[in-house]
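**Student:** Let me give you the structure first, and then I'll get to my questions.
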Amino acid sequence: MKWMNSKILLVDDEKDIAELLEEVLQRDGFKNIEKAYTGQQAIEVCKSFEPDIIVLDIMLPDIDGIEVCRKIREFSICSILFLSSKNDDIDKILGLSSGGDDYVTKPFSPREVVFRIKAQLRRQQYQMAVDKDRKNDIVVGNLCLDKESSHIYKSGEELSLTGREFLLLSYLMENAGKIISKERLYEQVWGEYSSICDNTIMVHIRHIREKIEDIPSNPRQLITIKGLGYKLKAKVE
């Protein structure tokens, strides 16, 4: 599979964990793997290596993983999978709201991490294939999805979106006017439902509203349909 050539960056101050994950990934055929053991090193390696996915430990000796994620999001939309010894919804929400895409709690099975990595990479490849086949821009209200460049604009100004936010908003734009359930969004954007934290979708929707709504606390375009899901209005009155 083409995504087996994807670049993976492993970030963990416990070298044994990073090396174990590297070994398991190599057994599965992944060859483009780099490791970092501090937050600052992770940022520097990310800039030069340009990974497709980062496995990022939250508890790092210099800069915590959440702050590392925020800094990386300033220049990269690669997928970020958090690792943490904490099993707390607050930590999960902080990680996801900083730009993370998935979350695994220590102790974990290395095979589970590899499964999550593959799920993220499959989603990337699927999205790239879909984008390649698109021919026309999509316009919804004051939003415009440029399919060729994979950028979304609001009133002509490019929106600064994380990779996951882009996938969510572009899918909602493609289905403007329709009610989309949380399950459908998980399936289309994450690839599966069971492994995703219940708060994940709300965090991402909130951040999208902050970028597209004039008054995010009183959304008029991306609305919640109670008990059913979300709808991006084709027209805003």
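The values are calculated or read from the model by the stated rules, or taken from the named source; none is laboratory data. Note that the structure is predicted; figures quoted are calculated from it, not measured. Note that we place each Cβ from the backbone using ideal geometry, even for glycine, and neighbour counts take in every protein chain shown. For the accessible areas, the whole protein counts, side chains as well, though only heavy atoms, and no ligand, DNA or RNA atoms are used. Shrake-Rupley method; radii C 1.70, N 1.55, O 1.52, S 1.80 Å.
Yes/no per residue for (1) touching a Leu at 6+ places or on another chain (Cβ under 8 Å); (2) under 16 Å from Ser84 (Cα atoms); (3) surrounded by fewer than 20 Cβ atoms within 10 Å (Cβ to Cβ):
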residue	(1), (2), (3)
Asp13	yes, yes, yes
Leu21	yes, yes, no
Gln26	no, no, yes
Cys46	yes, no, no
Pro51	yes, no, no
Leu56	yes, yes, no
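**Student:** Restricting to the range 207-224, count the residues that are without any contact (Cβ under 8 Å) to a residue 24 or more places away in the chain and not polar (S, T, N, Q).
**Tutor:** Of the residues in the range 207-224, 9 are without any contact (Cβ under 8 Å) to a residue 24 or more places away in the chain and not polar (S, T, N, Q).
**Student:** Return the residues of the range 2-29 that are without any contact (Cβ under 8 Å) to a residue 40 or more places away in the chain and not in a helix (DSSP H, G or I); say none if nothing qualifies.
**Tutor:** Passing the criteria: only Gly29.
**Student:** Right, next: Could you grab me the full set of residues in the range 73-93 that are of a type outside the set (A, V, I, L, M) and at pLDDT 75 or above? Even if it seems obvious, please write down each step before you answer.
**Tutor:** To start, the set of residues in the range 73-93 that are of a type outside the set (A, V, I, L, M) comprises 73-76, 78-79, 82, 84-89, 91-92.
Within the range 73-93, Arg73, Glu74, Phe75, Ser76, Cys78, Ser79, Phe82, Ser84 qualify.
**Student:** Which condition number in (1) farther than 20 Å from Leu167 by Cβ; (2) part of a loop (DSSP other than H, G, I, E, B); (3) free of Cβ contacts under 8 Å to residues at least 12 places away in the same chain is the one that Glu44 fails?
**Tutor:** The one condition Glu44 does not meet is (2).
**Student:** Out of all the residues in the range 94-105, is one or more modelled with pLDDT under 80, over 17 Å from Val11 (Cα atoms), in a helix (DSSP H, G or I) and open to solvent by 30 Å² or more (accessible area, probe 1.4 Å)?
**Tutor:** Yes, the conditions are met somewhere in the range 94-105.
**Student:** A follow-up question, please. Hey, does the range 181-200 have a residue that's in a helix (DSSP H, G or I), at pLDDT 90 or above and out of contact with any strand residue (DSSP E or B) (no Cβ under 9 Å at 6 or more places or on another chain)?
**Tutor:** At the first step, the residues of the range 181-200 found to be in a helix (DSSP H, G or I) are 182-190, 200.
When the remaining residues are screened for being at pLDDT 90 or above, the result is none.
No, every residue in the range 181-200 fails to be in a helix (DSSP H, G or I), at pLDDT 90 or above and out of contact with any strand residue (DSSP E or B) (no Cβ under 9 Å at 6 or more places or on another chain).
**Student:** Also, I was wondering about something else. With respect to Met1, is the statement that it is modelled with pLDDT under 90 and surrounded by 14 or more Cβ atoms within 10 Å (Cβ to Cβ) true?
**Tutor:** No; evaluated as a whole, the condition is false for this residue.
**Student:** Here is a follow-up. Does Glu50 satisfy the criteria of being within 16 Å of the chain's Cα centre (by Cα), more than 18 Å from Tyr103 (Cβ to Cβ) and modelled with pLDDT under 95?
**Tutor:** When the stated conditions are applied, Glu50 passes them.
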